[in-house]
1. Of all residues in region B:324-344, how many are part of a strand (DSSP E or B) and at the interface with another protein chain (Cβ under 8 Å from one of its Cβ atoms)?
2. Picking from B:Pro231, B:Pro277, which residue would you name as being touching a residue at least 40 places away in the same chain (Cβ under 8 Å), more than 15 Å from the chain's Cα centre (by Cα) and either closer than 30 Å to A:Gln326 by Cβ or within 14 Å of chain A (Cβ to nearest Cβ) (or both)?
3. With respect to B:Leu356, determine if the residue is out of contact with any strand residue (DSSP E or B) (no Cβ under 8 Å at 6 or more places or on another chain) and open to solvent by less than 20 Å² (accessible area, probe 1.4 Å).
4. Quick one: in region B:278-292, of everything that is touching a helix residue (DSSP H, G or I) at 6+ places or on another chain (Cβ under 7 Å) and open to solvent by 10 Å² or more (accessible area, probe 1.4 Å), which residue is nearest to A:Arg143 (Cα to Cα)?
5. Among the residues of region B:304-315, is there at least one that is within 22 Å of B:Gly258 (Cβ to Cβ), open to solvent by 10 Å² or more (accessible area, probe 1.4 Å) and not hydrophobic (A, V, I, L, M, F, W, C)?
6. Would you check if B:Glu496 is on the phi < 0 side of the Ramachandran plot, free of Cβ contacts under 8 Å to residues at least 40 places away in the same chain, out of contact with any Cys (no Cβ under 6 Å at 6 or more places or on another chain) and not assigned by TED's automatic domain parsing to the domain that holds B:Ile213?
7. Would you call B:Glu123 open to solvent by 60 Å² or more (accessible area, probe 1.4 Å) and under 29 Å from B:Phe71 (Cα atoms)?
Amino acid sequence: MITEYKNIKEVVGPIMLVSNVAGAGYNEIVEIKQADGNIRYGKVLEIRGNDAVVQLFESAQELKIATSKVRFLGKPMQVGVSKEMLGRVFDGMGRVKDGDADIIPDKYLDINGSPINPVARDYPNQFIQTGISSIDGLNTLVRGQKLPIFSMNGLPHTELVAQIVRQAKVLGDNEQFAVVFVAMGITHEQADYFLKDFSSNGAIERTVCVLNLASEPSIERISAPHVGLSIAEYLAYECDMQVLVVLTDMTNYAEALREVSSARKEIPARRGYPGYLYTDFAGIYERAGRIAGKKGSITQIPILTMPDDDKTHPVPDLTGYITEGQIMLARDLYKKGIMPPIDVLSSLSRLKDKGIGEGKTAEFHSSLANQLFACYARGKEAKDLAMILGENAISPADKIYASFAENFEQEFISQGERENRSIFDTFDIGWRLLKIFPRGELKRLKSKYIDEYLKGE
Amino acid sequence: MRGRIVRVSGPLVVADGMREVRLFDVVNVGPKALIGEVIELRGDKASIEVYENTDGLRVGDSVETLNMPLFVELGPGLMSNVFDGIGRSLLSIYEHSGDRIGTGLDTIRLDHKKLWHFTPTVEVGANVAEGDILGTVQETSAMLHRILVPVGVEGVVETIEEGDFNIDQPIAVIKTSNGKEKVCMHTKWPVRVPRPKVAKLSIDEPLITGQRIIDTLFPIARGGVAAVPGPFGSGKTVVQHQLAKWSAAEVVVYIGCGERGNEMTDVLREFPELVDPKTGKGLMERTILVANTSDMPVAAREASIYTGITIAEYYRDMGYNVVIMADSTSRWAEALREMSGRLEEMPGEEGYPAYLGSRLAGFYERAGKVQTLGSEPRVGSVTAVGAISPQGGDLSEPVSQATLRIVKVFWGLSASLAHKRHFPAIDWLISYSGYNGKMDNFYKTNVSYEFPKYKSYIMRMLQEEAELNEVVQLVGFDVLSDKDKITLDIAQVIREDYLQQNAFDEVDTYSSIEKQNKMLRVLYTYATLASQAVENGISYEKIIDIGSRAKIARMKYTLETELDELDSLESAVKADFAILENKEGI
């Protein structure tokens, strides 16, 4: 039997203290019912003797502690999932938000999931073609990977992600594909851009949206990614779908977490963020992957904006330590009109080498990518040097490198928002650009590739 | 004895009625019997660190002590296995409960049913003391597991027989002064207590890793300790994996501490397919994994490195050389910080507890080269390599600083090298090895007398390059003298053709020390002849144009079976310079 309690002692920010509770369980879900019938939810953060510390999932606006009743539901927070959720919009708690009929859940899942036994994981190794050269060619995305986009305020990450969602496919494959789109504290305008873009190309039919907009209370952001990932897990592991999860914006999520932590008066680690931020992030990011014996997979593209363009800020920093690489956007490229403004040198895909090569993309893919990286890195240095010393003072070799770097940005990195390049188009551009170099400079390429692809120049 | 929960806060549970319990005893918490460890006692209240997810625990739930400390089971079956932070076999858990790790699982450690063939090496009537070898078990094709007389047992072997036994059945009976002691093939050992040894020995030989920049410039000794700090994306994990793959050790213990699940999967899928260049056996045959991935309970992260090093010490005691990798000690320190915060301890720097330094030192001090127990002395070693993930790549943070006070070898990874795809991104300007001097004798006698000379030469050239680069930044390359230009050229050859090593290339991934020596000789020959030629007035452009220079760029792809080619290359370099000097009339 579930008892109702009327002993809310205090509500401070998102934290509520309920006293004289018997037998509340750690992390169980709490229902707070007001006199007018309004219901909100929270979860038990800590139990001390007969006191329970509860974190609200929703705003405390108009909460009256004298008349509210609290029930401990004896189970962790769950979300009802079903295939019907495709094409629908939900709030951060997984409740229907688009005004249509409620869904009939196939089953209920604990939103926090449970850790995957590393023995049960299957290594991600299938190449996903995004149609974007700087990703496919140099920082390849692989099915089951978690590859975040490190953006900055004012940069077009929204457009980039929409383009990836539109174009992503696995070569020679016609499996079922789904998108789970989780918005945390983004503006209505951004959310609208995504939804319109998804609708315009039919992607909306295979998309589940979990929306928490900037106008909604920040603490409601905390449950959103967990709800989204539970839906994704259902679609991937029980409906055999290939799921792409877009999480935007993780910086807003971390801020909500910080709000709860400071309300609990916890000892902060860096910049006021709680010491368990890494663990908490891992609980989200590690839910990407593949499981041996299951057809489906979860690929994650979290987006975060780096406060003050600072890569060492705890949010990008801790994310980078968990995710399998990052796609870094650069302000200077954007200013030069290069779209998408991907800084390929500080971007990285850790799983690249598993997803490319003979039988997947091309045998030479890795060598070609390394050679392009090396030449572009040296070219950028040469350009910097030329800025200081003047064009004429740099060595003839450096001049070639500098002009390569320029062409590389204009022709390889830069591409239209609607331009969908196949991996082979990407390779062709790469080889063409390398023709500028004398053979001796191309140390990363085996002689046979040079003979085959760079002949006649 | 039963206690009662009075507080639950994440992995921290406080229970009362615990007056009889000892510190660091293992307890079963709640109806699912979650595993926890007592970490503080106040009156009859015990603070318990719970190693599993505590969701659903309630005030009033019971807590039961097992009257023993947190231990690991040591015996045949460890090798090629995967354990979680508290020593449960993840392979067994997978068979038992599928893809996800649930809570309150029966403690599955070693396989107690499997039969192993035991071959005695002592006879009935022999006098044996603790640490003596009783017999052997072929644990995997690469590991001959030695069964030792347990610690504290001494006497006469009364019975011992060959045959197939499980790890619970007695294989021998030893008559001691206190009666008869039955010996089976496994022991339990508390993870927080170092296993005993006779003496720590001084360190005098390198652990060859097959990684050129490490073996040549910053060697690690057998029994030594090293730290690999670096920002994300600088290749820490690849360096650790390379060491796990190619180190000249009989046993590798790899602790994935708070890192990605896929990295563990990578090891599990890839290692069985790789072959140890020395034994010809699969690499997994000598590898043990301890995995607490970042989504697994945070408290068990703290225990995982102790579980790992206890297993390492166990194989050391058999007389083997063990390498232990911890990736990453920063996650371990964060787990420590999280518990400390929940215990409401006064924080030290950046919220880390004040005892961070002493705990780290305690871990690294368990490494070393030792004389083991036993009447016939054996030598074993544990070499420890810890990765550090400093926030923002900033080494002034507490974990890096506390580690650097302890370790002798520092392989500092640099983001800028990684951006240029120079891997391994070990920055030669900031890295060091405190074993350098001690190793020179070994290299002189076992590799070549010249080896230390080559090493100090390339270190010097790299240093000069760094200084010249500053000049180039100011005035440009063209105004440098030909001598300086050649110095830069030599440094570039060293960087690109020697230090860069591609972990994903079949051939380049491992360089034997003989290959390193021969490559160095080619480099040194080229460098001295080029410098000489400049002295003789030959122009920079003509020198870098010689034909064998392009071959130097590809010498890293020389097969181990065709090292003679490097000798021919050296002759070719000499010949090229002779022709050049001839042409120029010198």
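1. Here the count works out to 0.
2. On the way: B:Pro277 fails: either closer than 30 Å to A:Gln326 by Cβ or within 14 Å of chain A (Cβ to nearest Cβ) (or both).
Only one candidate qualifies: B:Pro231.
3. Details: out of contact with any strand residue (DSSP E or B) (no Cβ under 8 Å at 6 or more places or on another chain): yes; open to solvent by less than 20 Å² (accessible area, probe 1.4 Å): yes.
Against the criterion (out of contact with any strand residue (DSSP E or B) (no Cβ under 8 Å at 6 or more places or on another chain) and open to solvent by less than 20 Å² (accessible area, probe 1.4 Å)), B:Leu356 qualifies.
4. First pass over region B:278-292, keeping only residues touching a helix residue (DSSP H, G or I) at 6+ places or on another chain (Cβ under 7 Å): B:282-284, B:287-292.
So of that shortlist, the ones also open to solvent by 10 Å² or more (accessible area, probe 1.4 Å) come out as B:282, B:284.
Values: B:Gly282: 28, B:Met284: 26 Å.
My answer is B:Met284.
5. From region B:304-315, those within 22 Å of B:Gly258 (Cβ to Cβ) are B:304-312; that's our starting set.
Next, only the ones that are open to solvent by 10 Å² or more (accessible area, probe 1.4 Å) stay: B:306.
Add one more test, that the residue is not hydrophobic (A, V, I, L, M, F, W, C), and what stays is B:306.
Yes, the conditions are met somewhere in region B:304-315.
6. On the way: on the phi < 0 side of the Ramachandran plot: yes; free of Cβ contacts under 8 Å to residues at least 40 places away in the same chain: no; out of contact with any Cys (no Cβ under 6 Å at 6 or more places or on another chain): yes; not assigned by TED's automatic domain parsing to the domain that holds B:Ile213: yes.
Criteria not met by B:Glu496.
7. Numbers: open to solvent by 60 Å² or more (accessible area, probe 1.4 Å): yes; under 29 Å from B:Phe71 (Cα atoms): no.
No; evaluated as a whole, the condition is false for this residue.
Residues checked against (1) in contact with a Pro (Cβ under 8 Å, 6 or more places away or on another chain); (2) surrounded by 22 or more Cβ atoms within 10 Å (Cβ to Cβ); (3) within 14 Å of chain A (Cβ to nearest Cβ); (4) without any contact (Cβ under 8 Å) to a residue 60 or more places away in the chain:
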position	(1), (2), (3), (4)
B:Val72	no, yes, no, no
B:Gly77	no, yes, no, no
B:Val82	yes, yes, yes, no
B:Ile93	no, yes, yes, yes
B:Gly98	no, no, yes, yes
B:Ile101	yes, yes, yes, no
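The values are calculated or read from the model by the stated rules, or taken from the named source; none is laboratory data. The structure presented is a predicted model; accordingly, all values stated were derived computationally and were not measured. Reconstructed Cβ throughout: ideal geometry from the backbone, glycine too, with neighbour counts over all protein chains shown. The accessibility values were calculated without ligands, DNA or RNA, using every heavy atom of the protein model including side chains. Shrake-Rupley method; radii C 1.70, N 1.55, O 1.52, S 1.80 Å.
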